[in-house]
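Read through the structure below, which is laid out as structure tokens, and then see the notes.
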Amino acid sequence: MWARRVSARAVFDNGGVTRPVPFDSGALRPRLPSPLEEVADDRFARHGVRLLLKRDDLIHPELIGNKWRKLVPNLEAAAGRPVVTFGGAYSNHLRATAAAGRLLGLPTVGVVRGDELAGRPLNPSLACCAADGMRLHFVDRAAYRSKAAPATLAAILRAAGAEDAYVVPEGGSNAPAVRGCRALGEELRAHADVVALACGTGGTLAGLAAGLGPGRRALGIPVLRGGFLGDAIRALQREAFGGPVGDWRLDERFHFGGYARTTPALEDFARDFEERHGLPVERLYVAKSLYGLVVLAEEGAFPRGTRLAAVVTGAPFPS
Ligand SMILES: Cc1ncc(COP(=O)(O)O)c(C=O)c1O
């Protein structure tokens, strides 16, 4: 168990965002706006930068971080139909979808990358999905890669027995999810000049940037290699809002070799951050974004006086 040591200097009331909150009663009741905590960290303070932690990891005990913001609009759109979605063997998104299915009594199907996994014992993440009632369907990597192609998708859904299901894409990023993430920006616009977060599919950044408003900037730190994310974010914003919205950019230097790759230096950094601030640091995404911010502060990337909010988009598994 994590000791909830509070090293925050201040906890802001960042309320005042008025919008209907769906699923605000019952099993998916969120803690929104999520808390915003200022922490004392000399690696930022010596450059005149104030570091704020946007605790999206506290929104909901099971739909953690960006998962509540992205999934709930999709669960509403599913309107009680079974939900099918996609992910790798350690996908946070698959676990969150399975948990939502259990909480709402909705059937869920998880299409998992890698048919070689089908005959093996489930890893702890997939075991958690299965325990929540998610039916797992393993597909080979070539089919998984081309799952956006209508014919491949149709074949996968047919084989999974999920032809009538509501389809949520990998990572949960589609137009409803991106619009759901706009509220993250709205919650922060009065409190932060720059808002940084780790990116996988870019859906959270696409929505965040739209909600921040003029004079504010979103900074994305991709955890995958490849340099494709800018185009993906532009496409998501087109789909969600009809065109580009907000000021955002990416720094592609902090993927540490790619998804789920790590180094001893990153591991040491994450452990040290946990000790300094009493924050459980999720390793696949959050650790890389915080590491990137420390480097950027050291490089002088933020003018003195900058209020820099780092979004804590997830929590370690198992927690
Ligand atoms: C903990 C965490 N942070 C960040 C992200 C990245 O979100 P996105 O795919 O919207 O870029 C994910 C992926 O879903 C995640 O699980």
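The values are calculated or read from the model by the stated rules, or taken from the named source; none is laboratory data. The structure presented is a predicted model; accordingly, all values stated were derived computationally and were not measured. Here the Cβ positions follow ideal geometry from the backbone for every residue, glycine too, while neighbour counts run over all protein chains shown. To get the accessible areas, we keep the full protein, side chains included, count just its heavy atoms, and leave off ligands, DNA and RNA. Shrake-Rupley method; radii C 1.70, N 1.55, O 1.52, S 1.80 Å.
Remarks
- Estimated inter-spin distance, Glu76 and Ala89, nm [label 7 Å along Cα→Cβ]: 3.7 nm
- Think of the chain as having a plus end and a minus end, set by charges on the Cβ of Lys, Arg, Asp and Glu; of Ala190, Leu94, Pro318, Ala190 sits farthest toward the positive end of this dipole.
- GNM on the chain, alpha-carbon springs under 10 angstrom: the most fluctuating residue among Val286, Val223, Val49 is Val49.
- Translational diffusion coefficient (Stokes-Einstein; Kirkwood radius from C-alpha pairs) of segment 80-140 at 25 °C, 0.890 mPa s, in µm²/s: 220 µm²/s
- Among beta bridges identified by DSSP and lying wholly in the chain, the antiparallel ones come to about 20 percent.
- Binning the alpha carbon pair distances of segment 240-308 at 5 angstrom intervals from zero yields the distribution 3, 14, 22, 20, 17, 13, 7, 3, 1, expressed in whole percent.
- Applying the Karplus relation 6.51 cos²θ - 1.76 cosθ + 1.60 with θ = phi - 60° to segment 279-284 yields 3J(HN,Hα) values of 10, x, 9, 5, 8, 6 Hz, where x marks Gly and Pro.
- Put simply, the Cα atoms of the chain extend 57, 43, 38 Å along their principal axes, the longest span coming first.
- Working from the Cα coordinates of segment 164-319, the gyration tensor eigenvalues give, after taking √(5λ), semi-axes of 24, 20, 14 Å in decreasing order.
- Accessible area (Å², 1.4 Å probe, nearest 10) - His137: 40 Å²
- Residue order for Trp248, Trp68 - accessible surface, 1.4 angstrom probe, largest first: Trp248, Trp68
- Across segment 175-215, Cα pairs under 8 Å and at least six residues apart give a relative contact order of 60 percent.
- Whether segment 212-255 is rounded, prolate or oblate, judged on the alpha carbon gyration tensor where a/c under 1.5 counts as rounded: oblate
- Surface accessible to a 1.4 Å probe, per residue, for the residues of segment 185-319, Å²: 40 Å²
- Ligands, DNA and RNA left out, the accessible area of segment 203-249 computed with a 1.4 Å probe is 50% carbon and sulfur.
- Looking at segment 123-171, the accessible area is 50 square angstrom per residue; that uses a 1.4 Å probe and ignores ligands, DNA and RNA.
- In the elastic network of the chain, a GNM with C-alpha springs shorter than 10 Å, the most mobile of Pro82, Pro169, Pro150 is Pro150.
- Here the Kirkwood formula puts the hydrodynamic radius of segment 104-183 at 13.9 Å, using every distinct Cα pair.
- Solvent accessible area, Å² - Asp193, 1.4 Å probe, full protein context: 40 Å²
- Debye log10 I(q)/I(0) for segment 28-87, one point scatterer per Cα, at q = 0.17, 0.19, 0.20, 0.25 Å⁻¹: -0.68, -0.76, -0.80, -1.00
- Relative packing of peptides 102-113, 118-129 - highest average C-beta neighbours within 10 Å first: 102-113, 118-129
- Of the accessible area of segment 145-190, computed with a 1.4 Å probe over protein heavy atoms only, carbon and sulfur atoms account for 53 percent.
- Dividing the Cα radius of gyration of segment 112-155 by its Kirkwood radius returns 1.03 for Rg/Rh.
- Rounded to the nearest 10 Å², the accessible area of Phe317 at probe 1.4 Å: 80 Å²
- Relative contact order, percent, segment 246-319 [alpha-carbon distance under 8 Å, six or more residues apart]: 31 percent
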